[in-house]
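S.K.: Got a structure for you, questions after.
The values are calculated or read from the model by the stated rules, or taken from the named source; none is laboratory data. Every value quoted in this text rests on a predicted model; they were computed, and no experiment measured them. Note: ideal-geometry Cβ built from the backbone for every residue, glycine included; neighbour counts use all protein chains shown. Keep in mind that these areas ignore ligands, DNA and RNA; they rest on the heavy atoms of the full protein, side chains included. Shrake-Rupley method; radii C 1.70, N 1.55, O 1.52, S 1.80 Å.
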Amino acid sequence: MTDTTSNDTRFALTAAEQELLPSDEEVQFYQEHGWYLSKKLLTDEEVDLLNSAADRFYGGHRDRTLPQRPPRLAYWEPEQGDVHRHNDYIFYEDDTIRSILAKPLIAAVAARIAETSQIRLWNSTLIHKPPRADDARNIVPWHFDRHYWQTCSSDEMLTAFIPFHDCDEEMGTITMVDGSHRWKETGSDDSTSRHFADRDRSELDEMLEENAAFNNAEVRKVPVNIPKGHISFHHCRTYHGSGYNVSDRPRRAISLHLQDRTNQWRPFELSSGDLVVYNNDVLVGKDEHGNPDYTDADFCPVLWEDRR
């Protein structure tokens with residue numbers, strides 16, 4: 001696949017885009033609260049293109065497909081019906097979506113709030129939450145992403161949540177547990193590396209409450225109402241979730257998971273003695289030591305870099 005990030009001018013921001021970067025106060029807000037709602041980073045036309053590309057994708061269009069199926073791939077197929085859909089690696093499989101998600105401004109915002117000089121792609125998921133309050137699978141329980149990224153060395157990774165429309169509580173918008181990225185955990189075991197889809201929701205609710213109590217912290221849940229074209233960012237250790245979509249239309253979005261410059265593969269051993277394998281590990285190339293290369297140009301391309 002051609003690496004669309006090979007041109008050194010790709011990170012240049014216009015004067016108007018520079019004005020959309022977070023202020024010092026907004027960077028401080030992210031550092032203290034663990035989340036940030038951006039200014040309008042995408043035009044209405046770009047957002048509408050994302051939505052029409054999703055329509056084509058759900059209809060079967062692919063610009064390319066994964067060379068192999070990773071062990072824990074979220075990938076909705078039409079035979080699964082009108083359920084909460086997740087399709088990983090949308091950045092890789094669809095060129096229209098890729099071209100918009102690779103817009104340097106998005107990653108530049110992420111770099112500024114994460115205080116890093118480089119942002120690389122980690123993964124991307126197309127999400128479609130139908131307007132149904134009769135299916136508990138439409139609820140995303142409390143979790144934080146770092147638990148699932150145990151093969152990563154960095155604690156400063158983050159996610160951009162990008163809706164294709166105005167997204168509010170009625171639609172089941174993303175909800176943050178304010179400041180939870182600063183909590184210390186009560187402890188960790190193998191279970192934390194299991195995806196929330198494989199765990200009982202009550203167990204995850206209990207984990208949240210236990211960690212809050214351990215930190216003498218209040219569980220303050222903040223629904224993020226996101227206007228069209230704006231993006232919600234959250235730290236990899238910020239607890240978050242979402243409720244039912246009780247509106248009259250689907251909630252569509254992309255979760256764009258991002259790495260900071262320092263991130264690299266690390267071994268993470270389970271009590272069984274087995275090493276955790278993240279999906280990227282079977283797709284990316286190998287580094288000089290024979291380990292998964294989290295700078296792989298096809299699956300983990302650089303999206304923004306400070307060239308100064």
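S.K.: Which condition does residue 303 not pass, out of (1) part of a strand (DSSP E or B); (2) in contact with a Phe, Trp or Tyr (Cβ under 8 Å, 6 or more places away or on another chain), if it passes all the others?
M.R.: Status for residue 303: all satisfied but (2).
S.K.: Inside segment 225-259, can you point out the residues that are in a loop (DSSP other than H, G, I, E, B), within 17 Å of residue 147 (Cβ to Cβ) and open to solvent by less than 30 Å² (accessible area, probe 1.4 Å)? Give the steps one after another, and end with the answer.
M.R.: Just the residues of segment 225-259 that are in a loop (DSSP other than H, G, I, E, B), to begin with: 225, 227-229, 236-239, 243-250.
Those still in the list that are within 17 Å of residue 147 (Cβ to Cβ) too: 236-239.
Selection gives 236, 238, 239.
S.K.: Exactly one condition in (1) of a type in the set (Lys, Arg); (2) surrounded by 19 or more Cβ atoms within 10 Å (Cβ to Cβ); (3) at pLDDT below 95 is false for residue 85; which is it?
M.R.: (3)
S.K.: Looking only at segment 256-308, filter to residues that are among the acidic types (Asp, Glu) and free of Cβ contacts under 8 Å to residues at least 40 places away in the same chain; which one of those is nearest to residue 72 (Cα to Cα)?
M.R.: Going through segment 256-308, the residues among the acidic types (Asp, Glu) turn out to be 260, 269, 274, 281, 287-288, 293, 296, 298, 305-306.
From what is left, the residues that are free of Cβ contacts under 8 Å to residues at least 40 places away in the same chain are 269, 274, 287-288, 293, 296.
Working: 269: 17, 274: 16, 287: 22, 288: 26, 293: 19, 296: 20 Å.
The selected residue is 274.
S.K.: Look at residue 95 and say whether it is of a type outside the set (Gly, Ala, Ser), over 20 Å from residue 293 (Cβ atoms), at pLDDT below 95 and surrounded by fewer than 20 Cβ atoms within 10 Å (Cβ to Cβ).
M.R.: No.
S.K.: So in segment 61-116, with the set limited to residues that are assigned to a strand (DSSP E or B) and not basic (Lys, Arg), which one is nearest to residue 276 (Cα to Cα)?
M.R.: To start, the set of residues in segment 61-116 that are assigned to a strand (DSSP E or B) comprises 75, 85-88.
From what's left, not basic (Lys, Arg): 75, 86-88.
Values: 75: 20, 86: 22, 87: 21, 88: 19 Å.
Step by step, filter segment 61-116, then rank; the result is 88.
S.K.: A follow-up question, please. Might you check whether a residue that is open to solvent by 30 Å² or more (accessible area, probe 1.4 Å), out of contact with any Pro (no Cβ under 7 Å at 6 or more places or on another chain) and closer than 20 Å to residue 48 by Cβ occurs anywhere in segment 101-111?
M.R.: yes
S.K.: Pairs please, first residue from segment 16-43 and hydroxyl-bearing (Ser, Thr, Tyr), second anywhere and open to solvent by less than 40 Å² (accessible area, probe 1.4 Å) and assigned to a helix (DSSP H, G or I), Cβ atoms under 7 Å, 6+ apart in sequence or on different chains.
M.R.: 30/113; 36/30; 36/113; 38/109
S.K.: Tell me which residues, restricted to segment 115-148, are within 14 Å of the chain's Cα centre (by Cα), of a type outside the set (D, E, K, R) and either farther than 18 Å from residue 36 by Cα or surrounded by 23 or more Cβ atoms within 10 Å (Cβ to Cβ) (or both).
M.R.: 119, 121, 122, 123, 124, 125, 126, 127, 140, 144, 147, 148
S.K.: Mind telling me which of the residues 95, 82 ends up being touching a Pro at 6+ places or on another chain (Cβ under 7 Å) and touching a residue at least 24 places away in the same chain (Cβ under 8 Å)? Walk me through how you get there before you give the answer.
M.R.: On the way: 95 fails: touching a Pro at 6+ places or on another chain (Cβ under 7 Å).
Among 95, 82, only 82 is touching a Pro at 6+ places or on another chain (Cβ under 7 Å) and touching a residue at least 24 places away in the same chain (Cβ under 8 Å).
S.K.: OK, next. Being of a type in the set (Ser, Thr, Tyr), modelled with pLDDT of 95 or more, closer than 15 Å to residue 157 by Cα and touching a strand residue (DSSP E or B) at 6+ places or on another chain (Cβ under 7 Å), is that true of even one residue in segment 259-266? Write out each step before concluding.
M.R.: So in segment 259-266, the residues of a type in the set (Ser, Thr, Tyr) come out as 262.
Next cut, modelled with pLDDT of 95 or more only: 262.
The next check asks that each one be closer than 15 Å to residue 157 by Cα; those that pass are 262.
So of that shortlist, the ones also touching a strand residue (DSSP E or B) at 6+ places or on another chain (Cβ under 7 Å) come out as none.
No: segment 259-266 contains no residue that is of a type in the set (Ser, Thr, Tyr), modelled with pLDDT of 95 or more, closer than 15 Å to residue 157 by Cα and touching a strand residue (DSSP E or B) at 6+ places or on another chain (Cβ under 7 Å).
S.K.: For segment 205-222, give me each residue that is open to solvent by 40 Å² or more (accessible area, probe 1.4 Å), within 15 Å of residue 178 (Cα to Cα), at pLDDT below 95 and not in a loop (DSSP other than H, G, I, E, B).
M.R.: Listed by number, the residues that qualify are 209, 213.
S.K.: Kindly establish whether residue 74 is touching a Pro at 6+ places or on another chain (Cβ under 9 Å), open to solvent by 10 Å² or more (accessible area, probe 1.4 Å) and among the aliphatic types (A, V, I, L, M). Show your work before the answer.
M.R.: Numbers: touching a Pro at 6+ places or on another chain (Cβ under 9 Å): no; open to solvent by 10 Å² or more (accessible area, probe 1.4 Å): yes; among the aliphatic types (A, V, I, L, M): yes.
So residue 74 does not fit the description; no.
S.K.: Looking only at segment 149-158, which residues are touching a helix residue (DSSP H, G or I) at 6+ places or on another chain (Cβ under 6 Å) and open to solvent by less than 30 Å² (accessible area, probe 1.4 Å)?
M.R.: Step one: list which residues in segment 149-158 are touching a helix residue (DSSP H, G or I) at 6+ places or on another chain (Cβ under 6 Å), which gives 150, 156, 158.
Residues satisfying the conditions are 150, 158.
S.K.: Would you check if there is a residue in segment 271-290 being surrounded by 20 or more Cβ atoms within 10 Å (Cβ to Cβ), of a type outside the set (Phe, Trp, Tyr) and in a strand (DSSP E or B)?
M.R.: Taking every residue of segment 271-290 in turn, none turns out to be surrounded by 20 or more Cβ atoms within 10 Å (Cβ to Cβ), of a type outside the set (Phe, Trp, Tyr) and in a strand (DSSP E or B).
S.K.: Examine segment 260-270 for a residue that is touching a helix residue (DSSP H, G or I) at 6+ places or on another chain (Cβ under 7 Å) and in a loop (DSSP other than H, G, I, E, B), and state whether such a residue exists. Let's see the steps before the verdict.
M.R.: From segment 260-270, those touching a helix residue (DSSP H, G or I) at 6+ places or on another chain (Cβ under 7 Å) are 260, 270; that's our starting set.
Subsequent filtering for residues that are in a loop (DSSP other than H, G, I, E, B) retains 270.
There is at least one residue in segment 260-270 that is touching a helix residue (DSSP H, G or I) at 6+ places or on another chain (Cβ under 7 Å) and in a loop (DSSP other than H, G, I, E, B).
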